[in-house]
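The values are calculated or read from the model by the stated rules, or taken from the named source; none is laboratory data. No experiment lies behind these values; they were computed from the predicted model shown. Note that we place each Cβ from the backbone using ideal geometry, even for glycine, and neighbour counts take in every protein chain shown.
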Amino acid sequence: MGEATYKPDNKFPREIIERGGTTLLRCFQCGTCTGSCPSGRQTAFRIRKLIRWAQLGIADKVLASEDLWMCTTCYTCQERCPRGVEVTDIVMVMRNMAVEAGHMQAQHIRIGASLAKTAHLLPLKEPMMKARKGLGLSEVPPTVLSNKKNLDIVLNIMKEAGFVKLVQKGGK
Amino acid sequence: MSKYAFFLGCVMPMRYPGIESSTRMIMKALGIELVDVDEFSCCPAPGITRSLHSDTWLSVAAHNLVAAQEAKLDIVVVCNGCYGSLDEAAHMLNHDEAKRAEVNKILKRAGSKEYKGKTKVHHFAELLHKEVGTDAITKKVKHTLENLKIAIHYGCHFLKPSAVRNLDNPETPHILEDLVEATGAKSVDYRQKQMCCGAGGGVRANTPDVALKMTEEKLNYLDEVEIDLILDVCPFCHLQYDRGQKDLGRDKQYPVLHLSQLYGMAFGMDRKLLGFELHDTPVDI
């Protein structure tokens with residue numbers, strides 16, 4: 001009964017297709033994807049269902065879904081799909097849309113903010129600098145971490161592409 | 001001697017620098033020169049960056065491709081995540097002029113250079129297999145590893161999506177088996193060998209317990225066979241197994257080695273420089 005109250009949003013599948021999920025409508029719900037999904041074995045995540053909701057335009061359910069974030073992007077479903085649906089790529093498109101709709105995971109905001117500051121995913125800590133030296137490596141990795149001018153260019157790219165604003169907004 | 005721009009990424013230099021020192025030593029021994037490029041940043045991490053904002057992901061990846069282009073070199077990575085980002089970005093941009101023009105606008109505004117669409121990205125295991133070859137590798141072996149039984153973990157983004165990578169069959173590959181057996185060691189088959197470690201796609205960051213359940217499942221399959229160590233070609237899978245076994249508090253723990261570290265052992269390099277002390281799961285082999 002509850003399911004019938006969802007109002008399909010026809011623009012939703014169209015937008016997924018326009019943003020790169022061109023194979024979305026090929027899915028005929030065989031379930032090979034869910035049967036192959038390592039995350040689905042441990043959680044309630046059913047990728048087949050998300051793809052069906054996407055086809056039907058049940059946008060709100062897809063975008064607010066916690067399950068959308070359970071995919072490890074291992075590509076097993078995409079490799080095995082008998083219809084050539086680029087399932088993992090579609091997950092990535094739907095995640096982008098979820099973020100735009102304000103659904104961002106707290107830990108992703110935190111890591112995104114750190115990336116926007118250092119252009120690296122992880123911080124470089126003092127003990128690790130020592131360990132690097134002990135292994136005959138430079139204390140600071142020879143990436144943008146050792147060149148401020150080059151670091152600024154990467155930080156600018158993240159600003160220009162809209163990432164910095166996104167992470168700040170997500171943090172509110 | 002062939003020459004490549006060495007892409008470090010984040011997990012290797014900042015968590016497992018022993019993989020970095022091992023890679024530098026073994027590649028030199030095998031006649032491949034690695035050049036540092038201080039314009040390289042995070043690839044950026046596909047699981048989080050591409051999931052959150054694909055324009056940012058593609059632009060930062062493009063900038064890394066530009067850095068290699070300016071150094072007149074192709075890129076070599078030792079991480080499946082970096083490979084996923086950079087190889088896919090190169091695949092998109094090298095074949096799509098309109099997309100490249102779009103990204104180039106962002107690069108220009110940020111003070112980077114134009115990406116011309118020519119940079120190629122290689123995983124080091126691919127280079128070892130195709131360019132160096134197993135015969136040349138076997139010749140470098142000083143300490144045969146023939147007593148070791150090894151569980152290979154491919155990780156996901158080394159071979160997949162196969163339509164982009166085009167390296168090997170992702171269900172029944174043989175690249176890493178060949179590379180492991182070149183040292184004399186034995187590669188042991190096990191259930192769900194091609195399964196993910198659980199860490200990717202931002203899952204480890206967002207829901208570490210879910211990631212760990214996947215790791216535990218794989219470790220349970222490993223318990224069904226007899227092995228001495230887990231071998232990976234990705235510092236992020238490496239981290240998931242190395243820390244994961246500690247976090248799970250398992251009785252039975254397997255040392256976790258990156259292929260570079262295994263080669264470091266086989267080539268007789270100074271064990272202290274392979275960085276095993278930085279592992280959470282003891283490397284007692």
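Any residue at all in the range A:4-15 that's at pLDDT below 95 and in a helix (DSSP H, G or I)? Walk me through it before giving the result.
Going through the range A:4-15, the residues at pLDDT below 95 turn out to be A:4-10.
Applying the additional criterion that residues be in a helix (DSSP H, G or I) yields A:4-5.
Checked the range A:4-15: at least one residue is at pLDDT below 95 and in a helix (DSSP H, G or I).
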So residue A:44 clears everything in (1) buried (at least 20 other Cβ atoms within 10 Å of the Cβ); (2) out of contact with any Gly (no Cβ under 7 Å at 6 or more places or on another chain) except one condition, right? Which one?
(1)
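Is it the case that some residue within the range A:62-70 is over 20 Å from residue A:17 (Cβ atoms), buried (at least 22 other Cβ atoms within 10 Å of the Cβ) and not aromatic (Phe, Trp, Tyr)?
Let us first name the residues in the range A:62-70 that are over 20 Å from residue A:17 (Cβ atoms), namely A:64, A:66-67, A:69-70.
Filter again for buried (at least 22 other Cβ atoms within 10 Å of the Cβ), leaving A:69-70.
Add one more test, that the residue is not aromatic (Phe, Trp, Tyr), and what stays is A:70.
Yes, that holds for at least one residue.
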Is at least one residue of the range B:117-132 under 30 Å from residue B:38 (Cβ atoms), under 16 Å from the mean Cα position of the chain (by Cα) and β-branched (Val, Ile, Thr)?
yes
Among the residues of the range B:66-92, what is the count of those that are surrounded by 24 or more Cβ atoms within 10 Å (Cβ to Cβ) and either without any contact (Cβ under 8 Å) to a residue 24 or more places away in the chain or more than 16 Å from the chain's Cα centre (by Cα) (or both)?
4
The range B:144-166: number of residues that are within 18 Å of residue B:81 (Cα to Cα) and crowded, with 19+ Cβ neighbours inside 10 Å
11
Since residue B:28 meets every condition but one in (1) touching a residue at least 24 places away in the same chain (Cβ under 8 Å); (2) more than 8 Å from chain A (Cβ to nearest Cβ); (3) under 23 Å from residue B:273 (Cβ atoms), which condition does it not meet?
(1)
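Out of B:103, B:121, B:35, B:60, I need the residue that is under 13 Å from residue B:5 (Cα atoms) and either facing chain A (nearest Cβ under 7 Å) or crowded, with 20+ Cβ neighbours inside 10 Å (or both). Which one?
On the way: B:103 fails: under 13 Å from residue B:5 (Cα atoms); B:35 fails: either facing chain A (nearest Cβ under 7 Å) or crowded, with 20+ Cβ neighbours inside 10 Å (or both); B:60 fails: under 13 Å from residue B:5 (Cα atoms).
One residue alone meets the criteria, B:121.
Quick grid of which residues meet (1) within 30 Å of residue B:161 (Cα to Cα); (2) not hydrophobic (A, V, I, L, M, F, W, C):
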| position | (1), (2) |
| --- | --- |
| A:91 | yes, no |
| A:96 | yes, yes |
| A:103 | yes, yes |
| A:107 | yes, yes |
| A:130 | no, yes |
| A:135 | no, no |
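Name the helices (runs of 4 or more DSSP H) wholly inside the range A:84-169 in which the number of residues that are at the interface with another protein chain (Cβ under 8 Å from one of its Cβ atoms), under 30 Å from residue A:55 (Cβ atoms) and touching a Lys or Arg at 6+ places or on another chain (Cβ under 6 Å) is 2 or more.
Details: elements: A:87-100, A:106-118, A:126-134, A:148-161.
Output list reads A:87-100.
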The condition from (1) closer than 22 Å to residue B:79 by Cβ; (2) of a type outside the set (D, E, K, R); (3) within 14 Å of another protein chain (Cβ to nearest Cβ) that residue B:172 misses is numbered (1)
Positions within the range B:101-133 being in contact (Cβ under 8 Å) with a residue 24 or more places away in the chain and of a type in the set (Lys, Arg), in sequence order:
B:113, B:116, B:118, B:120
Taking the condition surrounded by 14 or more Cβ atoms within 10 Å (Cβ to Cβ) and more than 21 Å from the chain's Cα centre (by Cα), does residue B:184 pass?
yes
If residue B:243 satisfies all but one of (1) closer than 21 Å to residue B:178 by Cα; (2) part of a helix (DSSP H, G or I), what's the number of the condition it fails?
(1)
Against the definition (farther than 30 Å from residue A:95 by Cα and in a helix (DSSP H, G or I)), how does residue B:263 come out, yes or no?
yes
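Tell me which residues, restricted to the range B:38-51, are at the interface with another protein chain (Cβ under 8 Å from one of its Cβ atoms) and either outside any helix (DSSP H, G or I) or touching a residue at least 40 places away in the same chain (Cβ under 8 Å) (or both).
Residues of the range B:38-51 at the interface with another protein chain (Cβ under 8 Å from one of its Cβ atoms): B:38-42, B:44-51.
Selection gives B:38, B:39, B:40, B:41, B:42, B:44, B:45, B:46, B:47, B:48, B:51.
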Take residue B:230 and tell me if it is modelled with pLDDT of 95 or more, within 21 Å of the chain's Cα centre (by Cα) and farther than 25 Å from residue B:273 by Cβ.
no
Identify the single condition in (1) without any contact (Cβ under 8 Å) to a residue 60 or more places away in the chain; (2) buried (at least 21 other Cβ atoms within 10 Å of the Cβ); (3) over 11 Å from residue B:51 (Cβ atoms) that residue A:90 does not satisfy, given that it satisfies every other one.
(1)
Subset of the range B:208-235 that is in a loop (DSSP other than H, G, I, E, B) and out of contact with any helix residue (DSSP H, G or I) (no Cβ under 7 Å at 6 or more places or on another chain) - its residue that is nearest to the other protein chains (Cβ to nearest Cβ):
B:224
